[in-house]
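Below is one structure, written out as structure tokens; comments come after it.
The values are calculated or read from the model by the stated rules, or taken from the named source; none is laboratory data. None of these values were measured; they are calculated from a predicted model. Methodologically, a virtual Cβ is constructed for each residue, glycine included, from the backbone with ideal geometry; neighbour enumeration extends over all protein chains shown.
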Amino acid sequence: MQHEAQNEILDEILASSSLEELQTVKTKYLGKNGLVTSQLKEMGKLSPEERKAKGAEINALKTSLEGAVEARKEVLEQAALEAKLHSEAIDVTLPALHFPVGGLHIISRILADLEGMFGRLGYRTVLGQEVEDDLHNFDALNIPWFHPARDLWDTFWMTDGRLLRTHTSPMQIRYMLEHTAPLRITVPGKVYRYEATDATHESMFHQLEGLLVGDNIRMSDLKGTIAEIARGLFGPSTKVRFQPSYYPFVEPGADFSVWWENPRGESKWLELGGCGMVHPSVFRAVDDLREALGKPRTYEGKTGFAFGLGAERIAMLKYGIPDIRYFYQNDLKVLGQFRGELETLSILEAL
């Protein structure tokens, strides 16, 4: 091949502006059907002397072209890399993108707030089991099978005779079986009632149980504790009212309410939970169970109080939420308002 033709091919290689164009040129001259390969195939027609000289010439051309292709390939690859880096460069001075973030569910926040308040009063948080037996859920709490108060709890029964706990009170019995007075605990958790769902009732909701046992515990201690928690939840000027009520496991028993001024300007007494002094029958049942387990009877002569708070009830009162079902419908218009610090507002207005 003449020297001028070789230079033309080299110029064509150097003129390739992309890897695709370079591959096309390489195939044209060095491919299986390329010009150089075709000349090698024609060498069989030459005499031995001509074949030797022609072979050296073609091999030199082939080596030159392959070197030129590789050199051009490196240049084009480097240029492609630089172009990619330039197009994908990040300007670190630009403001960051705002991505939506999650947050704690409002009920989790209410329970955490309550646990923090009681923790500062010296209460220990313990957890109970959601699947209970009849003994701990009813009998030991002064609610035997024939007691009419059983009708106050619509119970989910399981096929093996166990049940989904109807309140967090069974943990009172379980904790006193393993510990002696003085003690003060709170028990947060889910409870279950077999009842129709409406704006104020759900078949599953959250309670926080409280129990304090010691010597010479009085009703005034209970009232002071409830008043302190109410002020922590609703502000230092919150007023609390106690009214007599019946619960089988306390005597005397009471319901407690707060004077509530809601975001719509309405003011009235709203019930927050139930409480009372631990019934002596509950202490006797605990001592009977302890004795059956080979443990000493330690609760005779002790006194204490217990109370229960509904987390959904508190959230509905504090933030103007009109329907308990909003908590579990996964409506981001509702839940999204409680990702940061909770603010007093009316969900009705937000919707």
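PHE256 - would you say it is at pLDDT 95 or above, touching an Asp or Glu at 6+ places or on another chain (Cβ under 8 Å) and in the same structural domain as LEU135 (by TED's automatic domain parsing)?
Answer is no for this residue.
From the list LEU94, LEU177, LEU164, which one is farther than 24 Å from ALA227 by Cβ, not assigned by TED's automatic domain parsing to the domain that holds ALA285 and not basic (Lys, Arg)?
Only one candidate qualifies: LEU94.
Name the residue that is farthest from HIS167 (Cα to Cα), counting only residues in region 236-283 that are of a type in the set (Phe, Trp, Tyr) and more than 37 Å from the chain's Cα centre (by Cα).
PHE283
Can you name the residue in region 300-318 that is of a type in the set (A, V, I, L, M, F, W, C) and at pLDDT 90 or above and is also farthest from the chain's Cα centre (by Cα) among such residues?
This residue is PHE305.
Check ALA196, ALA230, ALA181 and return the single one that is within 30 Å of ARG297 (Cα to Cα) and among the hydrophobic types (A, V, I, L, M, F, W, C).
After ruling out the rest, the residue left standing is ALA181.
Taking the residues in region 243-253 that are among the aromatic types (Phe, Trp, Tyr) and buried (at least 19 other Cβ atoms within 10 Å of the Cβ) as candidates, determine which candidate is modelled with the lowest pLDDT.
The extreme case among them is TYR247.
Scan region 193-200 and give yes if some residue there is touching a Phe, Trp or Tyr at 6+ places or on another chain (Cβ under 7 Å) and within 21 Å of GLY253 (Cα to Cα), otherwise no.
No: region 193-200 contains no residue that is touching a Phe, Trp or Tyr at 6+ places or on another chain (Cβ under 7 Å) and within 21 Å of GLY253 (Cα to Cα).
Quick check on region 165-189: of everything there that is surrounded by 15 or more Cβ atoms within 10 Å (Cβ to Cβ) and out of contact with any helix residue (DSSP H, G or I) (no Cβ under 9 Å at 6 or more places or on another chain), which residue is nearest to GLY310 (Cα to Cα)?
The qualifying residue nearest to GLY310 (Cα to Cα) is THR168.
Considering only region 278-309, state which residues are under 21 Å from THR125 (Cβ atoms) and in contact with a strand residue (DSSP E or B) (Cβ under 6 Å, 6 or more places away or on another chain).
Residues satisfying the conditions are VAL278, GLY304, PHE305, ALA306, PHE307, GLY308, LEU309.
Go over the candidates LEU177, LEU233, LEU222 one by one and state the one that is assigned to a helix (DSSP H, G or I), out of contact with any strand residue (DSSP E or B) (no Cβ under 7 Å at 6 or more places or on another chain), among the hydrophobic types (A, V, I, L, M, F, W, C) and more than 21 Å from ILE321 (Cα to Cα).
LEU177
Would you please list the contacts, defined by Cβ atoms under 9 Å and residues six or more apart or on different chains, that run from a residue in region 98-112 that is under 17 Å from PHE234 (Cβ atoms) to a residue that is polar (S, T, N, Q) and surrounded by 14 or more Cβ atoms within 10 Å (Cβ to Cβ)?
Filtered contacts from region 98-112: ILE106/GLN337.
Can you tell me which residue in region 284-299 is farthest from the chain's Cα centre (by Cα), limited to those that are basic (Lys, Arg), more than 15 Å from ILE143 (Cβ to Cβ) and surrounded by fewer than 18 Cβ atoms within 10 Å (Cβ to Cβ)?
Here the residue is ARG297.
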